[in-house]
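Here's the structure, in structure tokens; my notes come after.
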């Protein structure tokens, strides 16, 4: 604690927590089936300790996002000058983000995609890093959000145990880690290497929690996520479990279960920290097996460093082409020529230009020709790497639906 709590504040905290807990408990009991099945944990939240942990996690997310806490142990922290200054800065940023980018993006989504999950119930977001925000606002009807990137998982900060130096540093780290995203709508990999490895802020999990808090989502639980070893990778005569432990590193994942406002549907954000180069995938082939089991998926790719234009990413590229039923991406995603060769019908939005440095060699002549033919309108929000300032009109998005399996088989 940063301050000594008075008797009055103790009574206020106790009253707030009791009232809120009662409301949430009643709401939960009125909705059978709304409690999620856990991943590697018990199948039900307990009404006492489980709900308290849930309330604490949401409160941590809210405080990092600059919103008022809901957990008694955090009330004093919200009265400090350092948190009030943090809250004012974050609220101003979110307001700017909401009235600008989110409003325009939501309007475009309804006209160009529809809020309904276009293909299946799973949104697949490769090379996402911690960008749950765009995934949620573009695809709010999807139930499972499967994301992966090089960034490590991390964990929620234990803010009630932080001292007078640690808590302000956490808040400063949060502002630094979200700065690029607020300004540009993407995270910069080199910056994340520093920003997500500080003494107080660790990994992807805290930033996803912040996105959920500002989006009004209710975090139910955060649990480790493990995939069973791929049978093909286990030597003959050796138990899969033992071989999986002894021969190669374990794929690390996390599942954040959450609910949207006024919805009984339990949704999940699954994130895997993984090197998905062809060489990297030899260490955990179960990831490709899992991704292929999800299809057909709605697939979303943005600010992906043009990785799948490289020969080092052939397996993940082929997997995405095979599993995707609907695709929304910028030019840094799947090469346009691969999509055209497979019979994808693509609607283009925005403007296409030579990629920013150092990606100039990823210029796609076939995509430039398609843009010349379709002559789409300017995109009403910034998206991807083509960003200079708020007046920049070079952002691009491709929206397409893949050929049916019957058409694919006929083509082969």
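The values are calculated or read from the model by the stated rules, or taken from the named source; none is laboratory data. Being a predicted model, the structure only gives us computed values, none of them experimental. Counting neighbours? That spans all protein chains shown, and the Cβs are built from the backbone with ideal geometry, glycine included.
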> Does any residue of region 149-158 turn out to be within 30 Å of residue 79 (Cβ to Cβ), surrounded by fewer than 19 Cβ atoms within 10 Å (Cβ to Cβ), in contact with a strand residue (DSSP E or B) (Cβ under 6 Å, 6 or more places away or on another chain) and modelled with pLDDT of 90 or more?
Replying inline: yes
> For region 110-137, what are the residues that are surrounded by fewer than 21 Cβ atoms within 10 Å (Cβ to Cβ), in contact with a strand residue (DSSP E or B) (Cβ under 8 Å, 6 or more places away or on another chain) and within 24 Å of residue 262 (Cβ to Cβ)?
Replying inline: 113, 117, 120, 121
> Mind checking whether some residue in region 177-187 is more than 17 Å from residue 135 (Cα to Cα), touching a helix residue (DSSP H, G or I) at 6+ places or on another chain (Cβ under 6 Å), crowded, with 22+ Cβ neighbours inside 10 Å and at pLDDT 85 or above?
Replying inline: yes
>> Return the residues of region 323-347 that are surrounded by fewer than 23 Cβ atoms within 10 Å (Cβ to Cβ), under 24 Å from residue 116 (Cα atoms) and touching a helix residue (DSSP H, G or I) at 6+ places or on another chain (Cβ under 7 Å); say none if nothing qualifies.
In response: 323, 343, 346
> Mind checking which residues of region 297-315 are touching a helix residue (DSSP H, G or I) at 6+ places or on another chain (Cβ under 7 Å) and either more than 16 Å from residue 396 (Cα to Cα) or outside any loop (DSSP other than H, G, I, E, B) (or both)?
Replying inline: 297, 299, 300, 307, 308, 309, 312, 313, 314, 315
>> So residue 195 passes all but one of these: (1) modelled with pLDDT under 90; (2) more than 29 Å from residue 53 (Cα to Cα); (3) crowded, with 19+ Cβ neighbours inside 10 Å. Which condition number does it fail?
In response: (2)
>> Restricting to region 348-367, name every residue that is buried (at least 22 other Cβ atoms within 10 Å of the Cβ) and more than 24 Å from residue 123 (Cα to Cα).
In response: 352
> Which of the residues belonging to region 202-221 are outside any helix (DSSP H, G or I) and crowded, with 23+ Cβ neighbours inside 10 Å?
Replying inline: 217, 219, 220
>> Just to be sure before I move on: is residue 334 modelled with pLDDT of 95 or more and over 21 Å from residue 397 (Cα atoms) in the structure I sent?
In response: no
>> Scan region 91-100 and tell me whether some residue there is in contact (Cβ under 8 Å) with a residue 24 or more places away in the chain and closer than 21 Å to residue 326 by Cα.
In response: no
>> Restricting to region 353-375, give me the number of residues that are in contact with a helix residue (DSSP H, G or I) (Cβ under 8 Å, 6 or more places away or on another chain) and at pLDDT below 95.
In response: 2
